[in-house]
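A short write-up of the structure that comes next.
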Amino acid sequence: ASSPVTVTVTGAAGQIGYALLFRIASGQLLGPDTPVRLRLLEIPQAVKAAEGTAMELDDCAFTTLDSVEIYDDATAAFDGVNVALLVGARPRTAGMERGDLLSANGGIFKPQGAAINAGAADDVRVLVVGNPANTNAFIAASHAPDVPRERFTAMTRLDHNRAVSQLATKTGAKVGDIAKLTIWGNHSATQYPDLSHATVGGRPALEVVGDDTWVRDTFIPTVAKRGAAIIEARGASSAASAANAAIDHVHTWVHGTPAGDWTSAGIVSDGSYGVPEGLISSFPVTSVDGRWQIVPDLSVDEFSRSRIDASVAELVEERDAVQALGLL
Ligand code: NDP
């Protein structure tokens, strides 16, 4: 077996954390031959709950779990980290203004970015799950000037997986028959799930669906509002599917995308597709030799253009707001 890989999870005592940690510890993140040194970061009030989860992790006797340690200090938790999963964030509560939300999250992601900058391993990979994920990743990256910016990513894989599932159900295909679907923009209600290059069993998805109205009036809003539908049905926000998507994101990043397909991830823009350079936006991406690459040269029709522009405009607004708040 290889030497242990250090994986730090923030918000470890939360719902997503509970669904995530056992899968990481059992080898589903990095593979069955890679031992994991797990580090759980929590705020002081949640350390006791994290200790309970750590006891359960011990009780699983996972052969891939090297150790579990609990922290309430970011600098210690990220020292030597190879994979950082930033799940803990300040949720939006009733009556909260956007500026308050961004400030509260700046207070979390600024020090975490600085801690990653100070102590992370050279190969560190960061995935931000906590919302507003793209902008939280942007804040963290801007406080980690010594870490290549492309190592900071935001999760849109859950949106991607939701879109794959909706398209499979609509067409009666298996999820494995769906390829080349894209989530563009922000992980928010403005995201654009794009079927224009998607295929179902090798055929163009739009042709198989044969119904533009379904795409615009059912598919896109169903994917974008799926989180709210789950809260409504379950009485709690999605957790296991969010954890699953985090596993998928890192697994793909490390192990690569299958030939002939791509996935979606929030990564730093190089200016492709008119997305301002430096923003963390979702794109169609492949992972090659452990690095994300934006799929080049896709045609963008008028409808897609306006949907991408709308979501990117929201990212620009969020960036400008955090800049004005002095969080960068
Ligand atoms: P969850 O584990 O359910 O969610 C954590 C974050 O993931 C939230 O920001 C949530 O955003 C986000 N998220 C992103 N995508 C999804 C999705 N598809 N479905 C659901 N959530 C999604 O939250 P809990 O409140 O259960 O737990 C959070 C934990 O984080 C707490 O234990 C808290 O103590 C901890 N925390 C730790 C910090 C630290 O380590 N420094 C800092 C802040 C909190 P949204 O709210 O928009 O759903």
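Observations on the model:
- Tilt relative to the chain, helix 157-171 - C-alpha long axis, 0 to 90 degrees, to 10: 40
- Gyration tensor (alpha-carbon) shape descriptor, segment 1-65, a/c threshold 1.5: prolate
- Net length gained if the chain between ASP289 and CYS60 were fully extended (0.36 nm per residue, minus Cα distance): 79.2 nm
- Highest mean packing comes first when the peptides 14-22, 144-152 are listed by Cβ atoms within 10 Å, giving 14-22, 144-152.
- Charge tally around ARG98: other residues with Cβ under 14 Å, Lys/Arg +1 each, Asp/Glu -1 each, net -3.
- Lys pairs under 27 Å by Cα in the chain, provided they are eight or more residues apart or on distinct chains: 5
- Each Lys or Arg adds one and each Asp or Glu subtracts one; over the other residues with Cβ under 10 Å from the Cβ of ALA13, this totals -1.
- Cα centroid of segment 107-182 to Cα centroid of segment 255-295, whole Å: 11
- Charge sum, other residues only, whose C-beta stays under 15 Å from LEU65's C-beta, Lys/Arg counted +1 and Asp/Glu -1: -3
- Furthest towards positive pole of dipole, ALA205, SER142, SER304, structure part the chain, Cβ charges: ALA205
- Order of LEU328, LEU41, LEU158 under a 10 Å beta carbon neighbour criterion, fewest first: LEU328, LEU158, LEU41
- Size descriptors for the chain (Cα atoms only): Rg and Dmax, in that order, 19.2, 55 Å.
- Segment 1-58 versus segment 186-249: alpha-carbon centroid distance in Å: 28
- Lys/Arg +1, Asp/Glu -1 at C-beta; segment 52-92 dipole; positive extreme among THR63, ALA74, GLY52: ALA74
- Paramagnetic label zone (point 7 Å from Cα along Cα-to-C-beta, THR75; backbone N under 16 Å) in segment 137-155: 144
- Prolate/oblate/rounded label for segment 217-314 (Cα gyration tensor, a/c 1.5): oblate
- In order along segment 322-328, the Karplus-derived 3J(HN,Hα) couplings, from 6.51 cos²θ - 1.76 cosθ + 1.60 at θ = phi - 60°, round to 5, 5, 5, 7, x, 8, 9 Hz, and Gly and Pro are given as x.
- About the Cα centre, charge dipole magnitude for the chain (Lys/Arg +1, Asp/Glu -1 at Cβ), debye: 480
- For the peptides 107-113, 129-135, 259-265, the ranking by mean Cβ contacts within 10 Å, running from highest to lowest, is 129-135, 107-113, 259-265.
- Relative to the current alpha-carbon distance between ALA240 and VAL316, full extension at 0.36 nm per residue lengthens the span by 24.3 nm.
- Mean separation of Cα pairs under 8 Å and 6 or more residues apart, divided by the residue count, gives the chain a relative contact order of 17 percent.
- Among ARG226, ARG203, ARG234: highest mean-square fluctuation, GNM of the chain, C-alpha pairs under 10 Å: ARG234
- Whole-Hz couplings from phi, Karplus 6.51/-1.76/1.60, listed for segment 49-59; x for Gly and Pro: 4, 5, 4, x, 5, 4, 4, 5, 4, 4, 6
- Table column - 3J(HN,Hα) (Hz), segment 69-74, Karplus curve with 6.51, -1.76, 1.60, x for Gly and Pro: 10, 10, 9, 10, 10, 5
We did not get these values from a lab; they are worked out from the coordinates using the rules stated. None of the values given here were measured: they were computed from a predicted structure. A quick note on method: Cβ atoms are made from the backbone with ideal geometry, for glycine too, and the neighbour counts reach across all protein chains shown.
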